[in-house]
Amino acid sequence: MADERATPRDPEHSLEPVGLIQQSGAILRVGRMMLAAGTASYRVKEAMDAVARALGIDRHTAAVTFTEITATTHRGAIFRTEVTEVRKFGVNAERIQLLDDFRTTIPDRTTVEDVNAALDRIEAKPALYHPAVNALSAGAACAAFAVLNNARPLEVLAVLIAATLGQFMRRALAHRGFNPFGTTMAAAALACGIYLASVAVFALFGTTVDVHASGYIACTLFLLPGFPLITAALDMAKLDFSAGISRLVFATMMIVGAALSVWAMTLVGALDSSAREPIALDPVPHFALMAVASLVGVLGFALMFNSPWRMAIAAALIGMVSNTFRLVLIDQGVMIQMATVVACVLVGVLVAVAAPRTPSPIITLQVPAVLVMIPGVLAFQSVVSLNEGSYTDTIGAILQVVLVVLSIMVGLVIAKLITDRDWAFDRG
């Protein structure tokens, strides 16, 4: 009589955890790649759950923060809990799209080998654009931001130069694993220094340029942590506070790091942070200029995030329409907070229409489209007022910035509730 203990067991269905270990590793790898690409935590959970079902797992649960995933995989009478940490992260819109496509098209039954092979192909894809193109995209976005903040032509040129070189440095430091906080401070300092140097060079050739906050601040706006801010709002709206709060803290740290460098560089010379009057134009050409600047700004940010061209153009058109509409509302006397909420609801609705046709994950269209609405100059005004001891002005400026940022988040959440039934209703 044969000894049953010598009979080979099927690793997928035995009580030995060999198969479960492999399955759990593949599931966790999907989550780790999505988290590192910059998407929201609820999407990370959806992707891991989709792979778990395809691998035949009975039940899968996960707790996802900004840098960590704790996941438990159940199969029959056994389970496995694993923890992983993401130390290198950024924003890669193309990778988010590829992983989202993988999540939605994975067959009902698959193997660990098939999952890992697909992830290997996604991981092996290089960035779509050369570092110089990526840096120039950031420079163009910031230059467009300067136009929206009523900067003059030579200021816009100085912003283009400064932001391009600042993003080139940030990308180089990030790829070498330098600390994110230090990277942000160094890139902001370089961009501000080059902006001031460019203005000085213009003066040498007989052209005087005012060192105004509308241009000076715009050269650092490529450092805005747009993805962490927006995904933090979406995660907290889903009551996922561990993920949302950690993202919000990270975004705040990056903003503070940039602000410290921006403020420090102003000690080199005087900076005018008063309200800037727009260039005298009739309403039609004025708003046409604002529309073009919004288009270029969103397009530049989208390309900086490694978005494919079709995705980037869709985001740019949505941002152009929504931000121009917001500016028209403000010009008609609507409060800036209400105008921002309405514009961001419009962004969410247009994204819901465009995303399936692009095709693009919603977050990759939303974030670039709303970045041009963040009041960067007003945020710097709060830092200047604080340094001057004008605490009343400081509190007023900070509250205004916070209210506008909250308006962006509220508008996107309202749009999500309207357009995404699966997101709006918790079926857990």
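Laboratory data are not the source of any read-out in this text; all were calculated from the coordinates shown. None of these values were measured; they are calculated from a predicted model. Note that we place each Cβ from the backbone using ideal geometry, even for glycine, and neighbour counts take in every protein chain shown.
Close amide-amide hydrogen proximity is noted between E68 and V86, each under 5 Å apart and 5 or more residues distant or on a separate chain (H modeled in the peptide plane; Pro and chain starts excluded). Normalising the average separation of contacting C-alpha pairs (under 8 angstrom, six or more residues apart) by the number of residues puts the relative contact order of the chain at 15 percent.
Based on Cβ point charges of +1 for Lys and Arg and -1 for Asp and Glu, what charge dipole magnitude is obtained for the stretch 10-124 about its Cα centre, in debye rounded to the nearest 20? Each step should come with its number before you reach the end.
Values: 14 positive and 17 negative charges, 69 e Å.
Computed about the Cα centre, the dipole is about 320 debye.
I'd like to know which of L55, L281, A200 lies farthest towards the positive end of the charge dipole of the chain, counting +1 on Cβ of Lys and Arg and -1 on Cβ of Asp and Glu. Of the options given, the answer is L55. Taking springs between alpha-carbon atoms closer than 10 angstrom, which of G300, G396, G348 fluctuates most in the Gaussian network model of the chain? Between G300, G396, G348, it is G396 that shows the largest mean-square fluctuation.
Taking the number of other C-beta atoms within 10 Å as the exposure measure, put H175, H286, H60 in order starting with the fewest. Working shown, then result.
Values: H175 12, H286 15, H60 22.
Least to most surrounded, the residues fall as H175, H286, H60.
Of the residues P153, V353, G297, the one whose Cα sits farthest toward the positive end of the charge dipole of the stretch 131-424, with +1 on the Cβ of Lys and Arg and -1 on the Cβ of Asp and Glu, is V353.
Against the set (i) 36, 29, 23; (ii) 45, 22, 19; (iii) 37, 22, 20, the structure's computed semi-axes √(5λ) of the Cα gyration tensor in Å falls on (ii). With springs only between Cα atoms under 10 Å, which of A315, A187, A174 fluctuates most in a Gaussian network model of the chain? Among A315, A187, A174, the largest GNM mean-square fluctuation belongs to A174.
Helix 336-354 axis versus longest C-alpha principal axis of the chain: approximately 40°, rounded to the nearest ten. Per-residue ellipticity at 222 nm, computed for the chain from helices alone with -39500 (n - 2.57) per DSSP H run of at least four residues, works out to -22500 deg cm²/dmol. Between the stretch 354-378 and the stretch 86-127, the C-alpha centres lie 22 angstrom from each other.
Within the shell defined by Cβ-Cβ distances under 15 Å, the residues around A141 carry a net charge of +2, with Lys and Arg each +1 and Asp and Glu each -1.
Per-residue Karplus couplings for the stretch 172-182, computed as 6.51 cos²θ - 1.76 cosθ + 1.60 with θ equal to phi - 60°, are listed in order as 5, 5, 5, 5, 8, x, 5, 3, x, 5, x Hz, Gly and Pro entered as x.
Here the stretch 131-424 is assigned +1 on the Cβ of each Lys and Arg and -1 on the Cβ of each Asp and Glu. Its dipole about the Cα centre then comes out at about 780 debye. Helix 362-371 axis versus longest C-alpha principal axis of the chain: approximately 20°, rounded to the nearest ten. Mind telling me which of I96, I27, I418 comes out most flexible in a GNM of the chain, alpha-carbon contacts under 10 Å? Highest fluctuation among the options: I418.
Can you give the longest stretch of the chain with no exposed loop site, where a site means trypsin sites (Lys or Arg not before Pro) in a DSSP loop (not H, G, I, E or B) with at most 14 other C-beta atoms within 10 Å?
Working: sites that count: R9, R87, K88, R109, R176, R427.
That gives 177-426 as the longest site-free run.
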